[in-house]
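Below you'll find the structure, written out as structure tokens, and then a few comments.
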Amino acid sequence: MSGDGTICIRGNEHSEGPGGVAVGAPVHRGPVLTSAYHLGLPGQEEPGADFYARADNPTWREFEAAVGALEGGPCTVYPSGMAAIAAVLRGFSTPERGVLLPSDGYYVARALADEELVALGIDVAYCATAGDWAEAIATARPGLVMVETPSNPGLEVCDIRAVAEAAHEAGAVLAVDNTTCTPLGQRPLELGADFSLASDTKAIAGHGDVLLGHVAAADPLHAERLRAARTRGGAIAGPMEVWLARRGLETLDLRLARQAENARALALALREHPAVRDVRWPGLADDPSHVPAREQMRRWNGILRFTLPDARAVAEWLDATRLVDSATSFGGLRTSADRRARWGDAVPDGLVRLSCGCEDTEDLLDDVLGALDRLG
């Protein structure tokens, strides 16, 4: 099997002629933007794979094949990460069997469950990412378990393999939000999960110009079910956005390497700064999440967190930096920071989620630490 970088660039290309490609085929394919396709005359032939753009699109298939090759299972693309989460929550939870979610995971996923699923008579239960999932599953007896590891924004980690075993023993399916890791950093399907999903707005697209998400499934029947629901519901991604994400995917391997290098350097430096406390990055050998993360993650990433004294300190620090954007997304080329309490997360007012970009490490260290030195 090809390596990560090769799959990111080449995807799941097929041999179509002498030398591996059809003569005259473009090296860099563009997006297919049409909404309709030519059909055979009535009575002459059945429609091919493409007949109407709500059902399928060649640009989708290229992206889904590449991401599916990285994930290890068939992939379905969605117009955002939340659309991917919603597809799994709505499609695999029932009033007979509820859903179990991380209490410290992405807050919008919790809001969807509390406001929409509960209204449909579906029981919603919670467990902390670093909590006892086996006990929570045994107590709640859910039909769907969803974890986010490392969690956003706390960077806590749970044992995917152990949660999968407990979920399957209870007759549930397990979905893993893999946004912070990407399939290069972690492959939940190989660890026993039934679904691996992510906001591709973040690291996979990587350039801050796309909203996108995906779900990869271990069972092809689950993938077919998701795709059928996508076609019926119309929650489809635009081919231009998918093409941009496919282009961004080509540099994911390289970007993650620099982001992890920057995260390690910053995490080590921030721990020594007097204005900073509670630095967390799973790649640090003494981080509380390091051991379970090391067992299941294939490589480290660029997301870390730390806490400043209060919201005002965060604002002053951000104002003093020149290489850190105040933004609520993460995983891109540019370093960004978000004070997570502003969104309602149950975290200290001064907690910062920092997403390291691909700037030169020394430049980023000088900027971040210099701005901290200027705090009052």
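The values are calculated or read from the model by the stated rules, or taken from the named source; none is laboratory data. Keep in mind it's a predicted model, so treat the numbers as computed, not measured. All Cβ positions, glycine included, derive from the backbone under ideal geometry; neighbour counts span all protein chains shown.
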| task | Would you confirm whether any residue within the range 272-292 is surrounded by fewer than 20 Cβ atoms within 10 Å (Cβ to Cβ), assigned to a helix (DSSP H, G or I) and not assigned by TED's automatic domain parsing to the domain that holds residue 178? | result | yes
| query | Is there a residue being under 17 Å from residue 179 (Cα atoms), part of a strand (DSSP E or B) and at pLDDT 90 or above anywhere in the range 36-53? | reply | no
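Quick check: is even one residue across the range 164-176 closer than 28 Å to residue 328 by Cα and either out of contact with any helix residue (DSSP H, G or I) (no Cβ under 7 Å at 6 or more places or on another chain) or in a loop (DSSP other than H, G, I, E, B) (or both)?
no
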| remark: Residues of the range 35-69 being within 19 Å of residue 245 (Cβ to Cβ), aliphatic (A, V, I, L, M) and surrounded by fewer than 23 Cβ atoms within 10 Å (Cβ to Cβ), in sequence order, are 53, 65, 69
| Which of the residues belonging to the range 240-261 are buried (at least 16 other Cβ atoms within 10 Å of the Cβ) and within 18 Å of residue 33 (Cβ to Cβ)? | 241, 242, 243, 244, 245, 246, 247
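When the residues of the range 309-350 are narrowed to those that are in a strand (DSSP E or B) and hydroxyl-bearing (Ser, Thr, Tyr), which ends up surrounded by the most Cβ atoms within 10 Å (Cβ to Cβ)?
Residue satisfying both the conditions and the ranking: 336.
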| remark: Restricting attention to the range 73-100, the residues that are over 16 Å from the mean Cα position of the chain (by Cα) and among the hydrophobic types (A, V, I, L, M, F, W, C) number exactly 3
| query | All but one of (1) assigned to a helix (DSSP H, G or I); (2) in contact (Cβ under 8 Å) with a residue 60 or more places away in the chain; (3) within 23 Å of residue 318 (Cα to Cα) hold for residue 227; which doesn't? | reply | (3)
| Residue selected from the range 230-266 under the condition outside any helix (DSSP H, G or I) and of a type outside the set (S, T, N, Q), by the criterion farthest from residue 205 (Cα to Cα) | 234
| request: Taking only the range 205-224 into account, find how many residues are assigned to a loop (DSSP other than H, G, I, E, B) and not small (Gly, Ala, Ser). | output: 6
| query | Would a scan of the range 71-83 turn up a residue that is surrounded by fewer than 21 Cβ atoms within 10 Å (Cβ to Cβ) and farther than 26 Å from residue 55 by Cα? | reply | no
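Residue by residue through the range 204-214, note down the ones that are on the phi > 0 side of the Ramachandran plot and crowded, with 23+ Cβ neighbours inside 10 Å.
Once the filter is applied, which keeps residues that are on the phi > 0 side of the Ramachandran plot and crowded, with 23+ Cβ neighbours inside 10 Å, the range 204-214 yields only 206.
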| request: For the range 187-202, state whether one or more residues are part of a loop (DSSP other than H, G, I, E, B) and over 21 Å from residue 83 (Cβ atoms). | output: yes
| Given 217, 228, 237, which one is surrounded by fewer than 24 Cβ atoms within 10 Å (Cβ to Cβ), farther than 19 Å from residue 6 by Cβ and not assigned by TED's automatic domain parsing to the domain that holds residue 295? | 228
| So, in the range 356-376, of the ones that are without any contact (Cβ under 8 Å) to a residue 60 or more places away in the chain and outside any helix (DSSP H, G or I), which residue ends up surrounded by the fewest Cβ atoms within 10 Å (Cβ to Cβ)? | 360
